[in-house]
Ligand SMILES: [Ca+2]
C-alpha cells in the first residue's frame, strides 16, 4: 500500500526581484558564481536557497484539467503527449544520453556540489520494466585524474556534448509525470529535473529531489536568473515511509505557473512571473551521492533509483 503523503507545501512568497545577493541564504550546495553564470557552464540541481516566509498551499482550483494530474490549467489550449518512455524494453533508447553534455569524456559528475559519484553508462540499465540507476561502492578515477568513491548512473535528453547544439528531446510548457521509487540510504540524492536546452545554467526546474539524510522531505525548485541574480523558489513536502515505494511526481509548467504534485496531490506552485521559464528545457534523471545528502552509508550500497515511466504532455496555448 502506498504510504500517505502528508503535504504541507512550503513555498516562498517574497518577491525575488527585491532581493539582492546578500538576501539569499546560499547553501553549501550552491554552485559557485562562475559555475552558475549563464555562460554555458555546468548547471546545478542542488540549490536549496529559500527566500521569504513560507505559507501552506491548501487549495487546488479546477478549471480545464491537464491530461493526467488534474491540476489547474488555463482555459483553452491543447495537450499532446510528446514524450513517453515506459522503460519496458531491453535497452535504453537512443534519445537518452548517460552523461551531462559538458563532461562526457569517460564519465561525469558535478563537483561543485561535492558529489561523490562518477556517472558511468554501465550504471544505467533496464530491468523488470524499470530504468535503473545503480550506485555502487566502486572507486572511480575521473578524467581529471581525481578519485571518487562511488559509481552511479544518470540519463538526459540534453545535448550529447559541448559541440552539440540540439537536444534529443526538449519542450516548452507542459506536464512531466514520473513514476519512480527512490532508494533508502544516507547520502543518496536521486533527482529528476529539467535544464535549459540552450546550454545555459538557468533556468532549471527540479521536479523531485530526495536527500537520504532527510527522508521525511521531498523538495522541488524553480531556479532562474532575475535581474542578473540567481533566484529560486522552493517547494517542500513532508512525507512518511516514502523511500522504497512507488510514487508519481509531476511538474505542470505553464506560462504563469509551475505546479508540483506527488501522487496527484499538489505540493505547491511557483507563480512569480520573473521565475517562470519560457524557453525549451530537456530532461535529466540521476542518482547522485554525497553533497547535500550527507555522508554515504557504504554498507547500504548498492542502491538503485528505479523509474517506471516518464511522460511529457506539451501544452500549446491559444
Ligand atoms: Ca515501465
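Each reported figure results from applying straightforward, stated rules to the coordinates on display, with no laboratory input. Remember, it's a predicted structure, so these values are computed and weren't measured experimentally. No Cβ is skipped: glycine too gets one built from the backbone with ideal geometry, and neighbour counts run over all protein chains shown.
Considered as a group, the residues in the range 108-167 that are within 16 Å of the ligand (Cβ to nearest atom) and surrounded by fewer than 24 Cβ atoms within 10 Å (Cβ to Cβ) include one that is farthest from residue 94 (Cα to Cα), and that residue is 128. When you check residue 193 against the structure, is it more than 28 Å from residue 80 (Cα to Cα) and within 17 Å of the chain's Cα centre (by Cα), yes or no? So residue 193 does not fit the description; no. Inspect all residues belonging to the range 147-168 and state whether any of them is under 14 Å from the mean Cα position of the chain (by Cα) and farther than 20 Å from residue 253 by Cα. There is at least one residue in the range 147-168 that is under 14 Å from the mean Cα position of the chain (by Cα) and farther than 20 Å from residue 253 by Cα. For the range 285-307, the set of residues classified as assigned to a loop (DSSP other than H, G, I, E, B) and either touching a strand residue (DSSP E or B) at 6+ places or on another chain (Cβ under 7 Å) or within 16 Å of the ligand (Cβ to nearest atom) (or both) consists of 296, 301, 302, listed by residue number.
Conditions tested, residue by residue: (1) crowded, with 23+ Cβ neighbours inside 10 Å; (2) in a strand (DSSP E or B).
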site	(1), (2)
241	no, no
250	yes, yes
278	no, no
283	yes, yes
309	no, yes
